[in-house]
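*Asks:* Below you'll find the structure I mean.
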Amino acid sequence: MTTESTTRSAQHDVAATARTAPPEAAPRSPDGRQVRQALRRGAKHVLLILGVLTTLYPVLWMVVSSLRPDGQIFGNPSLLLTTLHVENYTYGWTALGRPFSAYLLNSALVVIGSIIGNLVSCSMAAYAFARLRFRFQRPAFAYMLITIMLPVHVVIVPQYILWAQAGLVNSFLPLIVPKLLATDAFFIFLMVQFIRGLPRELDEAARIDGAGHGRIFFLIILPLMKPALATTAIFTFIWTWNDFFSQLIYLTDPQLYTVPIALRSFIDAQSTSSFGGMFAMSVVTIVPLVLAFALGQKYLVQGIATTGLK
């Protein structure tokens with residue numbers, strides 16, 4: 001009797017618990033708003049991927065074409081390789097009568113001279129505009145900004161006449177010396193805005209200790225300008241390495257050819273052109289650009305973000 005009553009009591013408790021327990025929540029189906037947001041995000045990702053592929057397609061096609069025979073380059077726009085024609089690299093390296101390393105060295109000399117010139121002259125000019133007070137400062141700064149809007153084709157003729165009269169055409173000097181004279185107004189403006197973002201209390205504290213403008217510039221301002229200096233160096237490297245027009249005007253001796261002019265020499269309108277060798281050497285020449293951007297990307301972003309454009 002006791003066992004039977006105990007069993008009935010347990011069954012009663014289970015039934016009571018089942019009646020009082022809340023029902024399990026049914027799985028909710030996503031509403032229309034969530035579905036639209038998911039579709040919108042998916043469409044954005046698809047568009048971004050298509051944009052990246054469209055942007056990278058010419059570069060990838062150039063790399064693939066550098067491994068194809070000349071007869072298959074322009075007849076096959078796909079990125080699939082059926083054969084590896086690595087002979088384009090060995091042929092292109094010596095196709096112009098000299099090792100292609102000679103043209104890389106010429107470009108490196110011009111780039112290094114241009115970077116040093118811009119870093120030295122533009123930083124000093126920027127400090128003068130940002131910290132000094134002199135007569136005709138505002139008109140000079142406005143004139144400097146106006147030169148940014150002038151294309152190089154407008155000033156290349158009078159500059160060429162000056163260098164020709166000085167007997168310095170067909171040398172690297174017309175490509176390097178102007179950088180020592182702070183002719184790149186864009187970098188001056190970039191550094192001026194960066195220096196204006198630095199507190200003047202640093203200058204005043206150094207001036208109280210007896211420091212002049214030279215010590216303030218070299219010991220205080222210049223170390224704080226590392227992001228702006230790195231940005232200037234990276235942009236100068238990219239623009240000078242890819243410069244074709246100015247180098248074509250001033251350099252006529254094949255021994256002084258830089259990379260852009262050497263690549264142009266692979267195409268001859270009167271004889272057979274070697275597109276395979278040209279694409280192979282083009283791949284070689286973009287490697288320094290990719291490395292420079294990859295190594296200096298952090299400083300590039302930091303320099304632009306901390307410029308303080310107002």
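Readers should treat all values here as calculations from the given coordinates under stated rules, not as data from a laboratory. Note that this is a predicted model, so its numbers are computed, not measured. All Cβ positions, glycine included, derive from the backbone under ideal geometry; neighbour counts span all protein chains shown.
*Asks:* Using only Cα atoms, tell me the angle between helix 137-148 and the longest principal axis of the chain; keep it within 0 to 90° and round to the nearest 10.
*Replies:* In the chain, helix 137-148 runs at an angle near 80 degrees to the longest axis.
*Asks:* Rg to Rh for the chain: what is it, with Cα atoms only and Rh by Kirkwood? Walk me through the intermediate numbers first.
*Replies:* Working: Rg = 32.6 Å, Rh = 25.2 Å.
For the chain, the value is 1.30.
*Asks:* I would also like to ask the following. Quick one: angle between helix 275-305 and the longest Cα principal axis of the chain, in degrees between 0 and 90, rounded to 10, please.
*Replies:* 70
*Asks:* Placing one identical point scatterer on every Cα of the range 175-298 and ignoring solvent, what is log10 I(q)/I(0) from the Debye formula at q = 0.15, 0.23 Å⁻¹?
*Replies:* -0.86, -1.34
*Asks:* Let me check against my output: what whole-number percent is the relative contact order of the range 98-305, with C-alpha pairs under 8 Å and at least 6 apart?
*Replies:* Values: 182 pairs, mean separation 69.1, N = 208.
Dividing the mean separation by the residue count of the range 98-305 yields 33 percent.
*Asks:* If you scale each eigenvalue of the Cα gyration tensor by 5 and take the root, what three semi-axes come out for the range 27-111, rounded to whole angstrom and sorted largest first? Please list the in-between numbers first.
*Replies:* Values: eigenvalues 433, 70, 16 Å².
Each semi-axis is √(5λ); the values are 47, 19, 9 Å.
*Asks:* Rounded to two decimals, what is Rg over Rh for the range 98-231 when you use alpha-carbon atoms and the Kirkwood radius?
*Replies:* Working: Rg = 17.7 Å, Rh = 16.9 Å.
So for the range 98-231, dividing Rg by the Kirkwood Rh gives 1.05.
*Asks:* Moving to a separate point now. With labels modelled as points extended 7 Å from the Cα through the Cβ direction, what inter-label distance (nm, one decimal) is found for Leu181 paired with Met124?
*Replies:* 1.4
*Asks:* If each of Leu198 and Ala43 carries a label point 7 Å out from its Cα toward its Cβ, how far apart are those two points in nm?
*Replies:* So the two model labels end up 4.9 nm from each other.
*Asks:* Still on this structure, I have one more. Can you grab the distance from the C-alpha centre of the range 134-164 to the C-alpha centre of the range 192-228, Å, no decimals?
*Replies:* 28
*Asks:* Can you tell me the FRET efficiency between Ser171 and Arg135 if r is taken as the Cβ-Cβ distance and R0 is 45 Å, rounded to the nearest 0.05?
*Replies:* Values: r = 37 Å, r/R0 = 0.82.
Calculated value: 0.75.
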